[in-house]
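Pasting a structure below so you can have a look.
The values are calculated or read from the model by the stated rules, or taken from the named source; none is laboratory data. On a predicted model such as this, the values are computed, not experimentally measured, just so you know. Using ideal geometry, Cβ is built from the backbone for each residue, glycine included, and neighbour counts are taken over all protein chains shown.
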Amino acid sequence: MSPRRVRAESDAVGRQDRPLRITVDGEPVDGVEGQTLAGVLLAADRLAWRRGRSGAPRGVFCGIGVCFDCLVTVGEDRDVRACRRRARDGDEVTTQSRAPGGLVDRNEPTPPPTEK
């Protein structure tokens, strides 16, 4: 899927989108200037990029920055709402997980083992 919703040759308005590239967990993902991080991820067919405490996949829920389901780490900034943050060329995005025993945010300290 192309990050461009309207093909350039059929665009009656004549938009001049500027492409950008971000990395998500080390993989390059292409988008266009003006898209949010969530928009870039959705255009790349990534519907979920975080796991909640239950292990359930999370992505965009409200799309307006209220619910915190779309949290990612951008560079050194943790808990960035992907639906509110405009993508910038070169952004390094790391997905997060709050699931016990699941994938762990690479910037989050490993919790101590629990005794049983």
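Could you look through the range 34-49, keep only residues that are assigned to a loop (DSSP other than H, G, I, E, B) and in contact (Cβ under 8 Å) with a residue 40 or more places away in the chain, and pick out the one that is surrounded by the fewest Cβ atoms within 10 Å (Cβ to Cβ)?
As a first pass, look at the range 34-49 and keep what is assigned to a loop (DSSP other than H, G, I, E, B): 34-35, 44-47.
If we keep only those that are in contact (Cβ under 8 Å) with a residue 40 or more places away in the chain as well, we get 34-35, 44-45.
Details: G34: 12, Q35: 18, A44: 18, D45: 7.
Ranking the qualifying residues of the range 34-49, first place goes to D45.
Let me ask something else about it. Any residue that is among the charged types (D, E, K, R) and either at pLDDT 95 or above or assigned to a helix (DSSP H, G or I) (or both) - is there at least one of those in the range 50-65?
If we filter the range 50-65 for residues that are among the charged types (D, E, K, R), which is where we start, we get 50-51, 53, 58.
From what is left, the residues that are either at pLDDT 95 or above or assigned to a helix (DSSP H, G or I) (or both) are none.
Within the range 50-65 (the criterion being among the charged types (D, E, K, R) and either at pLDDT 95 or above or assigned to a helix (DSSP H, G or I) (or both)), the answer is no, since none of the residues qualifies.
Can you name every residue in the range 66-95 that is buried (at least 18 other Cβ atoms within 10 Å of the Cβ), part of a loop (DSSP other than H, G, I, E, B) and of a type outside the set (D, E, K, R)?
C70, A82, C83, A87, T95, listed by residue number.
Something else: Being over 13 Å from R88 (Cβ atoms), modelled with pLDDT under 95 and not polar (S, T, N, Q) is the filter; apply it to the range 15-24 and report the residue that is surrounded by the fewest Cβ atoms within 10 Å (Cβ to Cβ).
At the first step, the residues of the range 15-24 found to be over 13 Å from R88 (Cβ atoms) are 15-17, 24.
Applying the additional criterion that residues be modelled with pLDDT under 95 yields 15-17.
From what's left, not polar (S, T, N, Q): 15, 17.
Values: R15: 11, D17: 16.
Checking each candidate, the answer is R15.
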